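Inspection log for the structure reproduced underneath, given as structure tokens.
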Amino acid sequence: MQHALRAAGVGCWDLDLATGSLWRSPEYDRIWGTTRTDATMPLNALFAGIIPEDREAVTQAFELASSQGVIAVEKRIQRVDDNSIRWIRLTGQGYYHAEKLAGIAGVVADVTPEHLACEKLRHTEKMESLGYMAREVAHDFNNLLMVIGASLEMLSDQIEGDRANRLVSAMNNGVERGVALTQNLMDFSRPAGAEIKVVNIDRLIASAWLDLIRIAGDTVVVTITPGPLAWCYCADPDQLTKAMTNLAENAREAMPDGGHLVVSTTARHVDGAGAASFGVRTGDYVGISFSDNGIGIARDLIARVFEPLFSTKQDKKGRGFGLSQVYAAASSSGGFVTIESQPEQGATVVIYLPLASSPASH
Ligand SMILES: Nc1ncnc2c1ncn2[C@@H]1O[C@H](COP(=O)(O)OP(=O)(O)O)[C@@H](O)[C@H]1O
Ligand SMILES: [Mg+2]
């Protein structure tokens with residue numbers, strides 16, 4: 001039985017409710033990344049391995065299990081050996097002595113890959129519905145702005161006096177800001193089905209690099225590492241260039257005291273599981289990677305940064321549209337975007353586009 005559980009990567013545990021002592025199998029320790037000195041430990045040692053954000057929920061689940069006799073919880077631990085964050089599923093069932101709940105025995109499994117795949121799928125679906133809503137709102141809102149703008153133009157020919165002119169000019173400013181906002185929403189929600197071109201990634205980066213260096217600012221050192229000549233599918237090269245400038249801007253803002261931005265290209269093969277979770281086809285992709293050593297992103301915010309209007313920058317005008325545009329530029333070309341970050345350690349955003357064999361064959 002132990003061999004079978006080990007082969008399945010499942011650990012066993014048994015909590016004695018009278019003493020609070022937790023017995024666990026060797027596989028349990030492998031999942032936690034702990035060195036095994038004793039087969040039993042206090043229950044608190046289990047809680048200590050759960051990341052702080054999830055600890056309360058796991059403690060509560062055990063408290064409830066002590067009276068109800070069942071536990072099923074899926075939360076994050078920080079492994080002791082390599083400090084990595086992993087999702088674990090803990091399930092258990094109570095057992096009774098003399099009709100009294102004496103303990104809870106159960107299993108634990110590392111479910112990180114399943115969890116991440118589900119999370120990505122949910123994210124893809126959420127972005128799709130946000131895109132649909134943004135497209136509808138932007139379209140109707142834009143029509144209204146056109147009517148207001150045209151009426152203001154006619155009005156400005158008919159009015160006289162400083163005060164009236166100032167009011168019309170303030171209204172015009174409002175219309176212009178509204179148009180910029182709808183443009184941002186449209187960049188995010190461009191409908192699929194645009195004509196897809198084959199572009200050379202390195203040439204595109206080369207033609208943008210002066211802009212990227214300017215946007216990154218004087219205190220950020222930009223290193224551009226050209227990769228092997230790679231062709232990829234792209235719906236709109238201008239949107240891709242804009243996406244790169246948005247990433248350079250974010251890198252500058254993440255490194256107010258200066259730092260290093262590395263722009264490079266990478267290759268990645270996406271298999272069936274990856275394709276399902278990213279909402280793309282299986283196959284080879286070319287990545288344009290932007291890696292900085294700035295302030296990084298808090299773990300719980302990473303899932304939200306691609307949403308339009310999501311921003312942690314309070315004092316910035318027109319905020320929260322950079323990464324949503326990056327997301328749209330990639331997905332309208334059949335690609336996807338990944339982001340990896342640790343607070344205070346920097347962030348790496350990669351735009352992946354489907355690899356094309358050569359321009360001549362298209
Ligand atoms: N390179 C980065 N380093 C740290 N945080 C980042 C980085 N890029 C994006 N972010 C986070 O993602 C959020 C959304 O980014 P974005 O859509 O470009 O909007 P904005 O830059 O206007 O806030 C930012 O407010 C910031 O919290
Ligand atoms: Mg931005």
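The values are calculated or read from the model by the stated rules, or taken from the named source; none is laboratory data. Please read all numbers here as calculations on a predicted model, not as lab measurements. Cβ: placed from backbone, ideal geometry, glycine included. Neighbour counts: every protein chain shown. These area figures cover heavy atoms from the full protein model, side chains too; ligands, DNA and RNA do not enter into them. Shrake-Rupley method; radii C 1.70, N 1.55, O 1.52, S 1.80 Å.
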Is there any pair with a first residue in region 304-328 that is at positive phi and a second that is of a type in the set (A, V, I, L, M) whose Cβ atoms are under 8 Å apart and which are 6 or more apart or on different chains, and what are they? GLY318/ALA180; GLY318/LEU181; GLY320/LEU309
Could you list, ordered by first residue, the pairs with Cβ atoms under 6 Å in which the first is in region 196-223 and on the phi > 0 side of the Ramachandran plot and the second is modelled with pLDDT of 90 or more, at least 6 apart or interchain? GLY217/ARG252
Is it the case that GLY274 is out of contact with any Pro (no Cβ under 9 Å at 6 or more places or on another chain) and either open to solvent by 60 Å² or more (accessible area, probe 1.4 Å) or in contact (Cβ under 8 Å) with a residue 60 or more places away in the chain (or both)? no
Just checking, does region 348-362 include any residue being open to solvent by less than 40 Å² (accessible area, probe 1.4 Å), near ligand 1 (Cβ under 7 Å from one of its atoms), among the hydrophobic types (A, V, I, L, M, F, W, C) and at pLDDT below 95? no
Please count how many residues of region 281-311 are surrounded by fewer than 14 Cβ atoms within 10 Å (Cβ to Cβ) and within 7 Å of ligand 1 (Cβ to nearest atom). 1
Among strands (runs of 3 or more DSSP E) completely within region 281-357, the ones holding 2 or more residues that are in contact with a Lys or Arg (Cβ under 8 Å, 6 or more places away or on another chain) and away from ligand 2 (no atom under 13 Å from the Cβ) are 283-292, 346-356
Of residues in region 1-16 being aliphatic (A, V, I, L, M) and in a loop (DSSP other than H, G, I, E, B), the one farthest from VAL108 (Cα to Cα): MET1
Step by step: first the residues of region 225-244, then only those that are within 16 Å of ligand 1 (Cβ to nearest atom) and touching a Leu at 6+ places or on another chain (Cβ under 7 Å), then the one that is most open to solvent (accessible area, probe 1.4 Å). Which residue is that? THR241
Output for Cβ contacts, cut-off 7 Å, separation at least six or different chains, first residue open to solvent by 70 Å² or more (accessible area, probe 1.4 Å) in region 251-268, second assigned to a helix (DSSP H, G or I) and within 16 Å of ligand 2 (Cβ to nearest atom), reads ARG252/ILE215; ARG252/ALA216
Heads up, the strands (runs of 3 or more DSSP E) in region 17-103 (entirely inside) with at least 3 residues that are surrounded by 15 or more Cβ atoms within 10 Å (Cβ to Cβ) are 21-24, 70-78, 85-97
